[in-house]
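Visitor: Mind looking over this structure? Questions follow.
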Amino acid sequence: MREPLSRLDKLVADVCAEITSISSEAKVSISYEPFEDVDATISVYSPDDEVGEGIDEAIHRLTFDILLNEGYHISVLVFEPDGVGGEQ
């Protein structure tokens with residue numbers, strides 16, 4: 001039997017849902033590897049620069065609110081289409 005989602009899992013899922021609501025073409029990768037004070041890292045590979053900027057602006061506000069209200073630091077890295085690790 002699968003464990004129920006933790007609060008962090010739920011918040012990460014919410015952030016990912018917001019990203020895909022902005023751009024259904026964005027590719028998302030999640031890592032829970034510990035890094036300094038970051039609880040989770042979401043890498044986003046945007047279909048174009050303009051969409052990437054929109055995602056970055058919208059998600060920054062959301063993750064800041066999560067940090068203040070929930071205490072979880074979720075880092076979102078938005079890569080341009082020709083960025084490292086992005087699929088061509």
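The values are calculated or read from the model by the stated rules, or taken from the named source; none is laboratory data. Since the model is a prediction, treat every value here as computed from it, not as a measurement. Note that each Cβ is placed from the backbone with ideal geometry, even for glycine, and that neighbours are counted across all protein chains shown.
Visitor: Pairs needed: first member in segment 53-70, of a type in the set (S, T, Y); second member anywhere, assigned to a helix (DSSP H, G or I) and at pLDDT 90 or above; C-beta distance under 7 Å; at least 6 residues apart or different chains.
Guide: T63/V15
Visitor: Which of the residues that make up segment 1-15 are of a type in the set (K, R) and in a loop (DSSP other than H, G, I, E, B)? Spell out the reasoning first.
Guide: First, pick out the residues of segment 1-15 that are of a type in the set (K, R): 2, 7, 10.
Across segment 1-15, the qualifying residue is only R2.
Visitor: I've got another one for you. Mind checking which residues of segment 15-24 are free of Cβ contacts under 8 Å to residues at least 40 places away in the same chain and farther than 20 Å from D48 by Cβ?
Guide: Answer for segment 15-24, where residues must be free of Cβ contacts under 8 Å to residues at least 40 places away in the same chain and farther than 20 Å from D48 by Cβ: just A17.
Visitor: Still on this structure, please answer the following. Out of D14, D39, D9, report the one residue that is more than 20 Å from P81 (Cα to Cα) and touching a His at 6+ places or on another chain (Cβ under 6 Å).
Guide: Within the list D14, D39, D9, the selection yields D39.
Okay, residues lined up against (1) surrounded by 16 or more Cβ atoms within 10 Å (Cβ to Cβ); (2) in contact (Cβ under 8 Å) with a residue 60 or more places away in the chain:
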residue	(1), (2)
R7	no, yes
A26	yes, no
I30	no, no
E33	no, no
V38	no, no
I42	yes, no
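Visitor: Restricting segment 16-55 to residues that are at pLDDT 90 or above, assigned to a helix (DSSP H, G or I) and not β-branched (V, I, T), which is farthest from the chain's Cα centre (by Cα)?
Guide: Of everything passing the filter in segment 16-55, S21 is farthest from the chain's Cα centre (by Cα).
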